[in-house]
1. Report yes if some residue within the range B:1-8 is at the interface with chain A (Cβ under 8 Å from one of its Cβ atoms), closer than 30 Å to B:Ala115 by Cβ and more than 16 Å from DNA strand D (Cβ to nearest atom); otherwise report no.
2. Please give the helices (runs of 4 or more DSSP H) falling wholly within the range A:78-179 in which 2 or more residues are within 14 Å of chain B (Cβ to nearest Cβ).
3. All but one of (1) touching a helix residue (DSSP H, G or I) at 6+ places or on another chain (Cβ under 8 Å); (2) over 30 Å from A:Met151 (Cα atoms); (3) more than 10 Å from DNA strand D (Cβ to nearest atom) hold for A:Thr64; which doesn't?
4. Identify the residue in the range A:17-27 that is over 40 Å from the mean Cα position of the chain (by Cα) and buried (at least 17 other Cβ atoms within 10 Å of the Cβ) and, among all such residues, is nearest to DNA strand C (Cβ to nearest atom).
5. Among the residues of the range A:46-60, count how many are open to solvent by less than 80 Å² (accessible area, probe 1.4 Å) and more than 9 Å from chain B (Cβ to nearest Cβ).
6. How many of the residues making up the range B:29-45 are loosely packed, with under 13 Cβ neighbours inside 10 Å and either under 18 Å from A:Asn116 (Cα atoms) or more than 8 Å from DNA strand D (Cβ to nearest atom) (or both)?
7. Would you confirm whether any residue within the range A:21-31 is assigned to a helix (DSSP H, G or I) and more than 30 Å from A:Lys311 (Cα to Cα)?
8. Out of curiosity, is A:Ile113 away from DNA strand D (no atom under 16 Å from the Cβ), within 17 Å of the chain's Cα centre (by Cα) and of a type in the set (A, V, I, L, M, F, W, C)?
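The values are calculated or read from the model by the stated rules, or taken from the named source; none is laboratory data. For clarity, every value in this text was computed on a predicted model and none was experimentally measured. Methodologically, a virtual Cβ is constructed for each residue, glycine included, from the backbone with ideal geometry; neighbour enumeration extends over all protein chains shown. Calculation scope for accessible area: heavy atoms of the full protein, side chains included, ligands and nucleic acids excluded. Shrake-Rupley method; radii C 1.70, N 1.55, O 1.52, S 1.80 Å.
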Number of protein chains: 2
Amino acid sequence: MKKRLTLKLIAKELDVSISTVSKALRDSAEISEDTRQKIKAFAKLYNYKPNNIALSLKNRKSKTIGVIIPEIVHHYFTTVISGIEQVANEKGYHVIICTSNNSFDKEVINMEILANGSTDGFILSVAKETQQKGDYHHLTEVIEQGMPLVMFDRVIEEINCDKVIIDDTLGAKKAVQHLVNLGCKKIGLISTIDYVSVGKLRTQGYLEALSENNLELNESLILKVDDFDQSEEEISRFLSDKSMDAVFAVNEHFAIYAIKAFKEQGLDVPKDVSVIAFTDGELSKRFIPSLTTINQHGEEMGAQAARLLIKKLENDDSEDEPFETIIIETGLVERNSTKR
Amino acid sequence: MKKRLTLKLIAKELDVSISTVSKALRDSAEISEDTRQKIKAFAKLYNYKPNNIALSLKNRKSKTIGVIIPEIVHHYFTTVISGIEQVANEKGYHVIICTSNNSFDKEVINMEILANGSTDGFILSVAKETQQKGDYHHLTEVIEQGMPLVMFDRVIEEINCDKVIIDDTLGAKKAVQHLVNLGCKKIGLISTIDYVSVGKLRTQGYLEALSENNLELNESLILKVDDFDQSEEEISRFLSDKSMDAVFAVNEHFAIYAIKAFKEQGLDVPKDVSVIAFTDGELSKRFIPSLTTINQHGEEMGAQAARLLIKKLENDDSEDEPFETIIIETGLVERNSTKR
DNA sequence: TGTCAACACGAAAACGTTTTCGTGGTGGTC
DNA sequence: GACCACCACGAAAACGTTTTCGTGTTGACA
């Protein structure tokens, strides 16, 4: 096992001081051409690489970004990460990813650990549990310590920081409007219970679209799924005997369960009924029929979040700069689950 | 912006030495009950947390595991990560994830960066490009420096380290055997070109299963997809006029394209033809018909990899310990794309 | 020959810890 | 009162860097 080469070892080997080695490697003018060449050659030969930990300690910055997401086994989040990574790497940062598993405690612990020097700033989508609890002390603490924080997707309004969101309400409106444009009149909604902010916002978009088109609101056409694991049965029950001509689902899974349920009822999608979903993932593309969706542009979101964070990190007097909220535009992806 | 509290600040504030503070906080017997209480109270009040970077530098270990995967937007890898995280967190480690995007250069760079102190060891699935190139210097270097390395999924035989794999050959055999048991005689294979090791191994399993069942090998029933982006058309072309009664695809996507192609030919899956896939993901579960698959148990794989790595990390004379290769058992998940 | 600038390098502090060793003071014992 | 042990704490080194400042040597110039 080869020992890792350090400045000290090089210095001893070449019989100069540590400072000289350091300076030579950084091309300081203080060092004569001769010694510099000699030291650089030696370092290259034995493949010297500076120790990042020592650098972090010295510079008081780690050049890494901490990302905390509710779960990693989730296509949308991975696209966001992908976007973060691209921008971060471009600018010489790297990325630590931790998952909270939607647990408040794990979110807190992860943030504390990463905040103790490992990370210069955070990009975060809060855990469901955190949203329910309404306890944000870990976020405010981090901010007070001067660590920039960027929230994305599931953000918390009360917290003062940069944010990247999509306009869930508008996106939902677009979806419903699309259905209306296709001639649908009796449009159902499959959403989640309201403490999940996206569920709430998308529901709102649905309502707005209805009222803007002078369509009557019918509460019995709205389902708020509580338990994800039970959602398939819940949806199937909900859809029976409602004679809708369209359904807007706040995610792919609900949409697919809806299509299954319709099929079982002997209805054809999209001939008899149109289905549109929020969230554009692998499933939407490959399903038969492929799903018409509202695309959230995860990569773009991650990229913007990373840009915001790095901007704060590299700006010394960022203290005074106001916080930004970037809104990512959603897009309608037309496929085969809605009629033409 | 509150300054982060350090031992030095506490020491100054309480008018004792740094050493005293450190010892008090670590419950050293050297410190009198009185002072200890005082210091601990102060630290707690102002929420002191030791700086991880300084600890890493001091202890020469970071208590973090570096994970490098080809791509994160890939369900299977996220399940592996999930498994790694669980075990790692249990044992007090955290996890840095980097993606190579299947690029050799990015893999090398990421390893070098993480190896410079950020990480105590690696869990890695190599990039496609690395497999093609056959250049493994970055791996051997890391190993020579005494950093434990565990490879999973896409492993490289020549490299001497712990490994966690699934028995691709056996898994493929299981799949084909299942088809044979269902009475299928003319079984097609949709695989990838051979430098992707899993493609090769699964092809081998297919061949073995055929010969064990005394089924004749028909080269025209084997497709080796080269370009992922073109795979849909390639598969559709391949499947026309072959009159197979079953297909084994080495991943979900190929299986789904196959099903689509069959549908377009007016064939019903599973009535007219059975389809079975390697890799059990979201798609398999939700697709209609849902896919019969060979499950790779990603979480289990990640968990085992993490256990192996941590074992090496915590064992001082691990140098002498032989390397292990753990084989994760694949499982057959029977769903609706194969007849009963 | 004495002065001074330029040059090339080294010593040391700093980042925040932990740990070894040393030391001043107290109390007890003979 | 002298000696010793023990207690409670501090100084300093170490981890691997970077950087400021100091310093010895050289050469030019008057």
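1. Yes, that holds for at least one residue.
2. A:104-113, A:137-144
3. Of the numbered conditions (1) touching a helix residue (DSSP H, G or I) at 6+ places or on another chain (Cβ under 8 Å); (2) over 30 Å from A:Met151 (Cα atoms); (3) more than 10 Å from DNA strand D (Cβ to nearest atom), the odd one out for A:Thr64 is (2).
4. Only one residue fits best here, namely A:Thr20.
5. Filtering the range A:46-60 for residues open to solvent by less than 80 Å² (accessible area, probe 1.4 Å) gives A:47-57.
From what's left, more than 9 Å from chain B (Cβ to nearest Cβ): A:48.
Number satisfying all stated conditions: 1.
6. Within the range B:29-45, residues that are loosely packed, with under 13 Cβ neighbours inside 10 Å and either under 18 Å from A:Asn116 (Cα atoms) or more than 8 Å from DNA strand D (Cβ to nearest atom) (or both) number 4.
7. yes
8. no
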